[in-house]
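The values are calculated or read from the model by the stated rules, or taken from the named source; none is laboratory data. Since we're looking at a predicted model, the values are computed, not measured. Here the Cβ positions follow ideal geometry from the backbone for every residue, glycine too, while neighbour counts run over all protein chains shown.
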Amino acid sequence: MEGKVRELERRLAGEGEVPYYIPNGCRALHGALGYAGCVREAVDQLHELNLAPDWFVVAYGTTGTMLGLLLGSLLYCHGEAKVAGISVSRPVDPLAERLEQGWREAADFLELELDFPGDNALIADEYVGEGYGIPTEAGLEAIRLLARREGLILDPVYTGKAMAGLLDLVRIGIVCTDEVVVFVHTGGVPGLFADRQLPYLQGI
């Protein structure tokens, strides 16, 4: 499929069009830069409350969001905010490799010399469960908890697992209860109402 898409991209470019290729999972550099802007927006809003972020926490799937948040932390938080990516599909090593590769590409694009801030990036793969798209009990409990306590709707594939990871990071003391945490809700809610997911709504 990717080969066909690339072929179409080249043909359109040859015809004078300006196609933009978005890879599988929307793992595109411009998307990552958009999430760097997300950090700036969050920092501005927190500043109005006399707060500064200590953590950004997000579901980690195809690197772009995690990369953007990490870049935004360096640019707008002076590197003082850490970013935790809760994997929804893959083990740590390939995700870390992708993240560092993406960092180099972003630095080249921005024409900046940016050392990879490894100490500020936490990747956790303990919450994947049986695999991508397969709900976990911890994720479902996080969905129920946030719906009941905060009126915040999460989904079993992405944000439910990410919130389960955040709650556990607090429980084990990696994220402290007095720290300012920004949980980045990346969507996925429509999938919650797919037929195969409906049983998980019971009891909310």
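Residues in the stretch 69-89 that are assigned to a helix (DSSP H, G or I) and closer than 14 Å to L122 by Cβ: how many? Show your work before the answer.
Start the filter on the stretch 69-89 by keeping residues that are assigned to a helix (DSSP H, G or I), which leaves 69-76.
If we keep only those that are closer than 14 Å to L122 by Cβ too, we end up with 69-70, 73.
Number of matching residues: 3.
Conditions first: (1) more than 20 Å from A28 (Cβ to Cβ); (2) modelled with pLDDT under 95. R171 passes all but one, so which condition is the exception?
It is condition (2) that R171 fails.
What is the number of the single condition among (1) over 16 Å from the mean Cα position of the chain (by Cα); (2) exposed (fewer than 14 other Cβ atoms within 10 Å of the Cβ); (3) at pLDDT below 95; (4) not basic (K, R) that G187 does not meet?
Only one criterion in (1) over 16 Å from the mean Cα position of the chain (by Cα); (2) exposed (fewer than 14 other Cβ atoms within 10 Å of the Cβ); (3) at pLDDT below 95; (4) not basic (K, R) is unmet by G187, namely (1).
Could you go through the stretch 4-22 and let me know if any residue there is β-branched (V, I, T) and touching a strand residue (DSSP E or B) at 6+ places or on another chain (Cβ under 7 Å).
Going through the stretch 4-22, the residues β-branched (V, I, T) turn out to be 5, 18, 22.
After this cut, where a residue has to be touching a strand residue (DSSP E or B) at 6+ places or on another chain (Cβ under 7 Å) as well, the list is none.
The answer is no; no qualifying residue exists.
Does L154 fit the bill of being surrounded by 12 or more Cβ atoms within 10 Å (Cβ to Cβ) and closer than 18 Å to V88 by Cα? Break it down into steps so the answer makes sense when it comes.
Details: surrounded by 12 or more Cβ atoms within 10 Å (Cβ to Cβ): yes; closer than 18 Å to V88 by Cα: yes.
When the stated conditions are applied, L154 passes them.
Tell me which of these A59 doesn't satisfy, since it passes every other one: (1) touching a Ser or Thr at 6+ places or on another chain (Cβ under 7 Å); (2) part of a helix (DSSP H, G or I).
Of the numbered conditions (1) touching a Ser or Thr at 6+ places or on another chain (Cβ under 7 Å); (2) part of a helix (DSSP H, G or I), the odd one out for A59 is (2).
Determine if the stretch 57-69 includes at least one residue that is modelled with pLDDT under 90, more than 26 Å from D115 (Cβ to Cβ) and β-branched (V, I, T). Spell out the reasoning first.
As a first pass, look at the stretch 57-69 and keep what is modelled with pLDDT under 90: 62.
Okay, now just the ones that are also more than 26 Å from D115 (Cβ to Cβ), so none.
Scanning the stretch 57-69, I find no residue that is modelled with pLDDT under 90, more than 26 Å from D115 (Cβ to Cβ) and β-branched (V, I, T), so the answer is no.
Which count do you get for residues in the stretch 122-135 that are over 10 Å from G165 (Cβ atoms) and part of a loop (DSSP other than H, G, I, E, B)?
The total comes to 7.
Which ones in the stretch 157-174 are surrounded by fewer than 21 Cβ atoms within 10 Å (Cβ to Cβ) and assigned to a loop (DSSP other than H, G, I, E, B)?
Correct list: I172, G173, I174.
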